[in-house]
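Have a look at the structure below before the remarks.
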Amino acid sequence: PRSLTAVVGPSGAGKSTLLNAITGRTTPTQGQILLGGRDLHKEYGDLSQRIGLVPQADILHTRLTVRQALKYGADLRFPSETSKAEREARVEEVMEKLELTPRAELRIDKLSGGQRKRASIGLELLTKPAILVLDEPTSVLVPQEVEKLFDNLRELKARGHTIIFIDHKLEEVLAIADTITVLRQGRTVATTTSDQVTAAELAE
């Protein structure tokens with residue numbers, strides 16, 4: 001809890017394979033993915049609800065407003081016994097947490113890249129996942145939007161979320177990650193804390 005791990009490496013290093021394994025999309029040929037000591041792939045039906053995945057490509061319907069998109073997501077993801085008032089309250093809470101309330105009535109296709117990414121994160125936060133996995137969330141963002149996104153991730157971490165951040169930009173992850181894992185050709189070549197390493201050292 002309250003940690004952010006960045007997984008970095010060049011194209012073909014195995015980042016996507018690892019992401020698919022830790023979110024349950026792919027079953028590892030050896031080893032285990034454990035959540036609280038429980039095997040993810042043996043108990044996937046239960047444990048999958050504890051993982052939120054924000055893909056690299058935003059999947060929100062672009063012609064809906066932020067509030068509409070999140071309400072639709074809540075309708076699909078919440079148990080049938082959840083009241084409309086409870087779903088709507090959670091939508092408002094998530095928008096407030098990600099500073100999207102001022103954009104609530106704006107259509108997704110009118111948002112900036114950073115705002116769309118935060119809306120995609122909001123979709124996953126609706127069900128309060130313990131673990132949030134992001135696949136290269138900064139890939140299309142300008143520097144100002146990257147810093148805003150990082151502020152939001154720091155806040156989520158402070159609230160108790162475990163965040164796993166897939167990226168290929170070492171200089172970015174050094175600014176936010178507690179732990180950095182470097183992959184190369186399908187293997188872990190380094191795992192270290194961000195305050196003990198520089199981008200140049202990781203690149204060697």
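Some values worked out for this structure:
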{"item": "Count - residues of the range 35-46 that are surrounded by 14 or more Cβ atoms within 10 Å (Cβ to Cβ) and either touching a helix residue (DSSP H, G or I) at 6+ places or on another chain (Cβ under 7 Å) or at pLDDT below 90 (or both)", "result": "2"}
{"item": "Residue 32 open to solvent by 70 Å² or more (accessible area, probe 1.4 Å), in contact (Cβ under 8 Å) with a residue 40 or more places away in the chain and not hydroxyl-bearing (Ser, Thr, Tyr)", "result": "no"}
{"item": "Neighbours by Cβ (under 8 Å, 6+ apart or cross-chain): first from the range 2-18, within 13 Å of residue 190 (Cα to Cα); second acidic (Asp, Glu) and outside any strand (DSSP E or B)", "result": "5/178"}
{"item": "Meets criteria (in contact with a Leu (Cβ under 9 Å, 6 or more places away or on another chain), of a type outside the set (Val, Ile, Thr), in a helix (DSSP H, G or I) and open to solvent by 40 Å² or more (accessible area, probe 1.4 Å)) for residue 18", "result": "yes"}
{"item": "Residue check for residue 10: part of a loop (DSSP other than H, G, I, E, B) and in contact with a Lys or Arg (Cβ under 9 Å, 6 or more places away or on another chain)", "result": "yes"}
{"item": "Answer from 90, 103 - the residue that is within 27 Å of residue 172 (Cα to Cα) and either at pLDDT 95 or above or of a type in the set (A, V, I, L, M) (or both)", "result": "103"}
{"item": "3 or more residues at pLDDT below 90: qualifying helices (runs of 4 or more DSSP H) within the range 131-204", "result": "170-173, 199-203"}
{"item": "Leading residue by the ranking (most open to solvent (accessible area, probe 1.4 Å)) among those in the range 95-133 that are more than 14 Å from the chain's Cα centre (by Cα) and aliphatic (A, V, I, L, M)", "result": "106"}
{"item": "Matching option when the condition is part of a helix (DSSP H, G or I), farther than 20 Å from residue 137 by Cβ and touching a helix residue (DSSP H, G or I) at 6+ places or on another chain (Cβ under 6 Å), among 87, 67", "result": "87"}
{"item": "Filtered residue count, the range 47-63, keeping only those that are without any contact (Cβ under 8 Å) to a residue 60 or more places away in the chain and open to solvent by less than 70 Å² (accessible area, probe 1.4 Å)", "result": "4"}
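Let's see how each residue does on (1) within 22 Å of residue 25 (Cα to Cα); (2) in contact with an Asp or Glu (Cβ under 6 Å, 6 or more places away or on another chain); (3) free of Cβ contacts under 8 Å to residues at least 40 places away in the same chain; (4) among the hydroxyl-bearing types (Ser, Thr, Tyr):
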position	(1), (2), (3), (4)
90	no, no, yes, no
96	no, no, yes, no
110	no, no, yes, no
146	no, no, yes, no
157	no, no, no, no
173	no, yes, no, no
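The values are calculated or read from the model by the stated rules, or taken from the named source; none is laboratory data. Note that the structure is predicted; figures quoted are calculated from it, not measured. Glycine also receives a Cβ, built like all others from the backbone with ideal geometry; neighbour counts cover every protein chain displayed. These area figures cover heavy atoms from the full protein model, side chains too; ligands, DNA and RNA do not enter into them. Shrake-Rupley method; radii C 1.70, N 1.55, O 1.52, S 1.80 Å.
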